[in-house]
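Read through the structure below, which is laid out as structure tokens, and then see the notes.
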Amino acid sequence: MKGPWKHPNGVWYYRGELPKDIWDARERIRLAGVPMPRGKEVRRSLNTRDRRAATVRHAEVVTELEGHWNALRALLREGPVRLSERNVVAIAGERSRRFVKAHEENPSAGATRPLRSTPSLPPDVVDALEKLSAEDEAKLRSALAKALDHQGGDALGPMLEEWGRDPVLSIISRSLLEPIRWMLVNEHAADLGTLLRGRGEIVDRQTWASLLISAAQFQEKARRSLERMATDGDFQEPDWIKGLPEYRPAAPSFSFDAVIDAEAKRRSAGKDARPLPPKTLVSFKAICGRFAEFRGAGGSNAATVTEADLERWKKSLMESGEVGNRTVANRLTTIKTVIGWGRGQSRANFARASSEVAAVKLPDFTPKPSDVSAIHPDEALIILRAARQQTDPRLRWLPWICAYTGLRIAEACQMRTTDFFESEGHWFFEVSSSGKRSLKTANARRVIPIHRALISEGLRSYLEGLPQGPLFPPGASVAVNRWFHSIEGIHEGVSPNHGWRHLFKDLCRRYGLNDDARQYLSGHSTGGADQAYGRTRAMLPGLWRQMERIKPFGL
């Protein structure tokens, strides 16, 4: 409903519905400790029978509810918020400042304290309170904070058990804490909830406890100030109001997923864009998700990552022994990379996080020997013979193409029929980023001669029978990897992606290809001024002659 709704009793109301995403997530929100209505309708009394006043109040309620819906969405993404001590004082103090303002015309009414059902304390409890030491008083305050858990009295259990061994503290805790807890909740929770909703905040249990204690302290100051106004006629603004801090909203939340998506969108923009590979998106989000879960509440906010967070995660990963140091280093590097992207998107909000994670050192690790990473020549024969028997084009041709080109699996999987061309009597194909395809590095863009073994195997005939478009259907990389590891006789630790590349580099050395050709065909940088080797068609025949030096496998 766009405007106020008039109840038959003459009072105006706000009537609306819960947003669909909030309604769908209502059980998750309830589990987080936030009460939710049973139905979709949201109804609020505007506490007036005047149409004009109702219109103003209706707009205020709409704004308040929008803030609350956004807070619930943030809760679902990142968990409840923990306010700083400054903001706890700001909110509790603001509530009491408004209380003084509302009663300054007739301060004696506000100075009257509410009637409370005071618990009757046994003589031994009164005696224990009088003898309480400073140390035990501090313990009492700490226990009170624990008792103020807004999920109910169940939180008192562990604390009471801890105090049960001390006869004095046990008496005090059981006699005082629960009545005090309910007294504070009944007197202050509703007003604090309104102030928090207005700021779009849903706080954690520790913050809620601190707010209730602080609210009680400020409310006592407010009543004393109103007493002075009523008895002494001193209506000057109290010093405690002058000293209240301004509420400082938390820095905007930048979730890891949002930063990654923004970077992906940036890289995909433009005609000749070089988008992030889908595999990178999935991998980065998975790693960042694990890190966010490790951090706990609010852990998905990339802008708040600290050196301590990353160091704790590094230590946890290394001590668990589930992954090697190389994998730990890769995961830490991923977090650092995403925070670097965040700094590019919002320098001010990521300045601290960027500085913090830069101090985290990656763990040392022993690189895997090339002999372990490479497919051995005798294994290549097994794999290529097995590929000949396959009817799935992904399994039939990708091993052969990678064996005679040194392509990465991801590069080979995204080949198109239009990548192939003839030049001066020889056939080539282009490894390109056109058509929104992705390459690992700028040097990965190259032209590769089709080896005579591939032509003899029938690759050109296969290409001629294809419609214009991709050579292979989706999921080719996963299919090849799964099939590869099902073949018997392949040593542990090798993968098709790096295995063929290592073997191809060794074949280039074995058959005497010059350094320029070897680096270029592999998509590596030489670092020299002749980096453009083979990048114009005038140089392709020389590149073809280099490729022809590699002798076919003896199948």
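The values are calculated or read from the model by the stated rules, or taken from the named source; none is laboratory data. Small disclaimer: the values here were computed from a predicted structure and weren't measured. FYI the Cβ positions are ideal-geometry reconstructions off the backbone, even for glycines, and counts take in every protein chain you see.
When Lys285 is tested against (1) basic (Lys, Arg); (2) under 26 Å from Gly93 (Cα atoms); (3) in a helix (DSSP H, G or I), just one condition goes unmet, and that condition is (2).
Taking residues in the stretch 23-40 that are in the same structural domain as Leu72 (by TED's automatic domain parsing) and assigned to a loop (DSSP other than H, G, I, E, B), and partners anywhere that are of a type in the set (Phe, Trp, Tyr) and modelled with pLDDT of 85 or more, the pairs with Cβ atoms closer than 9 Å and at least 6 places apart or on different chains are Met36/Trp23; Lys40/Trp23.
Within the stretch 481-500, one or more residues are modelled with pLDDT of 85 or more, of a type in the set (Asp, Glu) and in a loop (DSSP other than H, G, I, E, B).
Output the residue which, of all residues in the stretch 462-501 that are small (Gly, Ala, Ser) and within 26 Å of Arg518 (Cβ to Cβ), is surrounded by the most Cβ atoms within 10 Å (Cβ to Cβ). The selected residue is Gly499.
Take Ala74 and decide whether it is among the small types (Gly, Ala, Ser), outside the structural domain of Glu220 (by TED's automatic domain parsing) and either under 21 Å from Leu212 (Cα atoms) or buried (at least 17 other Cβ atoms within 10 Å of the Cβ) (or both). Spelling it out, Ala74 is indeed among the small types (Gly, Ala, Ser), outside the structural domain of Glu220 (by TED's automatic domain parsing) and either under 21 Å from Leu212 (Cα atoms) or buried (at least 17 other Cβ atoms within 10 Å of the Cβ) (or both). Restricting the stretch 49-91 to residues that are hydroxyl-bearing (Ser, Thr, Tyr) and within 20 Å of Leu192 (Cβ to Cβ), the residue that is nearest to the chain's Cα centre (by Cα) is Ser84.
Within the stretch 292-323, restricting attention to residues that are among the hydroxyl-bearing types (Ser, Thr, Tyr), out of contact with any strand residue (DSSP E or B) (no Cβ under 9 Å at 6 or more places or on another chain) and surrounded by 14 or more Cβ atoms within 10 Å (Cβ to Cβ), the residue that is farthest from Asp204 (Cα to Cα) is Thr306. Under the condition of being over 33 Å from the mean Cα position of the chain (by Cα) and not acidic (Asp, Glu), the residues counted in the stretch 455-498 number 23.
If you check Arg274, Arg331, Arg290, Arg326 for being in contact (Cβ under 8 Å) with a residue 40 or more places away in the chain and not in a helix (DSSP H, G or I), only one passes: Arg274. Within the stretch 206-230, can you find the residues that are in contact with a Pro (Cβ under 9 Å, 6 or more places away or on another chain), polar (S, T, N, Q) and under 23 Å from Ala109 (Cα atoms)? Within the stretch 206-230, Ser225 is the sole residue that qualifies. Can you confirm whether Val360 is among the hydrophobic types (A, V, I, L, M, F, W, C), out of contact with any His (no Cβ under 8 Å at 6 or more places or on another chain), at pLDDT 90 or above and in a helix (DSSP H, G or I)? Spelling it out, it is not the case that Val360 is among the hydrophobic types (A, V, I, L, M, F, W, C), out of contact with any His (no Cβ under 8 Å at 6 or more places or on another chain), at pLDDT 90 or above and in a helix (DSSP H, G or I). Meeting the requirement of 2 or more residues that are within 39 Å of the chain's Cα centre (by Cα) and under 17 Å from Arg445 (Cβ atoms), the helices (runs of 4 or more DSSP H) wholly within the stretch 373-422 are 409-413. Is it true that Arg38 is under 24 Å from Asp191 (Cα atoms) and among the basic types (Lys, Arg)? When the stated conditions are applied, Arg38 passes them.
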